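I have placed the structure first, in the form of structure tokens, so that the comments after it can refer back to it.
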Amino acid sequence: MNAAHSMIQEFKVALSEEKLDLNALRELCFSGIPFEGGIRALCWKVLLNYLPLDQTMWDSFLKKQREGYSQFLKEMIIQPGIAKANLGLSREDVTMEDHPLNPNPESKWNNYFRDNEVLLQIDKDVRRLYPDMAFFQWPTDYPCQLILDPQNDYETLRCRVEQTTLKAQTVDRNRSGVTNVSSPGKSLNLYPSNEYEVLPNGCEAHWEVVERILFIYAKLNPGIAYVQGMNEVVGPLYYTFATDPNDKWREHAEADTFFCFTNLMSENRDMFIKSLDDSQCGITYKMESVYSMLKEKDMELYIKLQEQNIKPQYFTFRWLTLLLSQEFLLPDVIRIWDTLFSDQDRFNFLILVCCAMLVLIRDQLLAGDFTINMRLLQDYPISDVHTILAKAKELQDGS
């Protein structure tokens, strides 16, 4: 029996327990999870605290969660879209309060137009998800029937984007909160012609599903809403669930991704909230932690980076907030995430991985000047993630 086959067997045995042993599963997953038989997708759902450990509860739990997600779609996309399609003007009960031109900031139309700004930013970002892979442009086998139901005559997200793009100025809200406004003329050419074409009615591309997940998340979490980069965090999750070889799971990739993303963000969201940057849970503290760990593990390299005035925020900001999703190819990102998700203190292990990435290119960094070193850190040269993870483990074990 070859190693891969015996590893799959080990996972099957661990996952066949009626009540899963989380510590044993974490230990198995730490060294990488097989894709076969949907094992990875299932393990991620457990590791991200979505699925309960008691398997006898799964059916009723999943039914409840997926119905809950459908409810979100109705309340946050379909009903406002119906109201917009009817403009609420044909109804008897329309008051000035509900009129689209009501300037009151509390009016529901004001919220509707404010949501459109968020939607436009999400739309722009999700169309660019993994451009070197065709997957996100392909139609999903399971388009959301609720959204496509002809009974619902409403303004879809797709429609809202087209309308808003035509009418409004394009607003870019990036991580630093800076707003760039470009002229409406330019916004017509937001997407070059080779970018994602919108599919015919009745079909949905995978990127449209991701757009919907992020829009619902933004609506339910107004304190953080949507920040550029969240698309890079949700992408690998959705890809893993939407390519699950098991149809019964794949069919519900959208709802399951939404809840797993929400759980992951509840641990990671502080890194996206600017007002928390300098608190212990914020990004500044995490970036400094990479350097304090480096100082402990490799003083010579630490001193060199300090002398060259290479600050951790120049490169670790992206590494940490996006969980390394921009530094490696998608299959490698997914492999790193197997380990990150299985480590109980996953964001501490992420700091170890970042430190390992520095130590592994120490000779080049010690020999390079500021410009060469910045280039190395912005475009990390090692693509073998197994070497990086092994090094991180070695650092963790203190050797």
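The values are calculated or read from the model by the stated rules, or taken from the named source; none is laboratory data. In this text the structure is predicted, and so the values were computed from the model without any measurement. Heads up, the Cβs are rebuilt from the backbone with ideal geometry, glycines too, and the neighbour counts pull from every protein chain shown. Note: accessible area is taken over every heavy atom of the protein model, side chains too, but ligands, DNA and RNA are not part of it. Shrake-Rupley method; radii C 1.70, N 1.55, O 1.52, S 1.80 Å.
Distances between placed amide hydrogens fall under 5 Å for Leu199 paired with Ala205, all partners being 5 or more residues away or on another chain. Between Gln396 and Gln79, the C-beta separation translates, for a Förster distance of 45 Å, into a calculated FRET efficiency of about 0.35. Legend: translational diffusion of the stretch 274-398 by Stokes-Einstein, Rh = Kirkwood radius over C-alpha pairs, 20 °C, 1.002 mPa s; D = 146 µm²/s. Note on Met374/Asn86: beta-carbon distance plugged into 1/(1 + (r/R0)^6) with R0 of 51 Å gives a FRET efficiency of 0.40.
With the simple model of a label 7 Å out from the Cα in the direction of the Cβ, Arg114 to Leu366 spans 5.5 nm.
Relative contact order for the stretch 274-398: 27 percent, from Cα pairs under 8 Å spaced at least 6 residues apart, divided by residue count.
Scoring 231-244, 11-24 by mean Cβ neighbours within 10 Å over their residues and listing the highest first yields 231-244, 11-24. Placing pseudo-labels 7 Å out from each Cα toward the beta carbon at Ser292 and Asp345 gives an inter-label distance of 1.2 nm.
The 3J(HN,Hα) values that the Karplus relation (6.51, -1.76, 1.60; θ = phi - 60°) gives for the stretch 13-25 are, in residue order, 5, 4, 7, 8, 5, 5, 10, 6, 8, 4, 5, 5, 5 Hz. Gly and Pro appear as x. Per residue, the accessible area of the stretch 274-398 comes to 44 Å², computed with a 1.4 Å probe over protein heavy atoms only. FRET efficiency for the pair Leu148 and Glu307, taken as 1/(1 + (r/R0)^6) with r the Cβ-Cβ distance and R0 = 56 Å, rounds to 0.40.
Each residue, Asn201 and Glu67, gets one label point 7 Å from its Cα in the Cβ direction; the gap between the two is 3.1 nm. Taking θ as phi - 60° and the Karplus parameters 6.51, -1.76 and 1.60, the scalar couplings of the stretch 324-337 work out to 6, 5, 9, 8, 9, 5, 3, x, 6, 4, 4, 5, 5, 5 Hz in sequence order, x denoting glycine and proline. Element breakdown for the stretch 274-398 at a 1.4 angstrom probe: carbon and sulfur atoms account for 50% of the accessible area.
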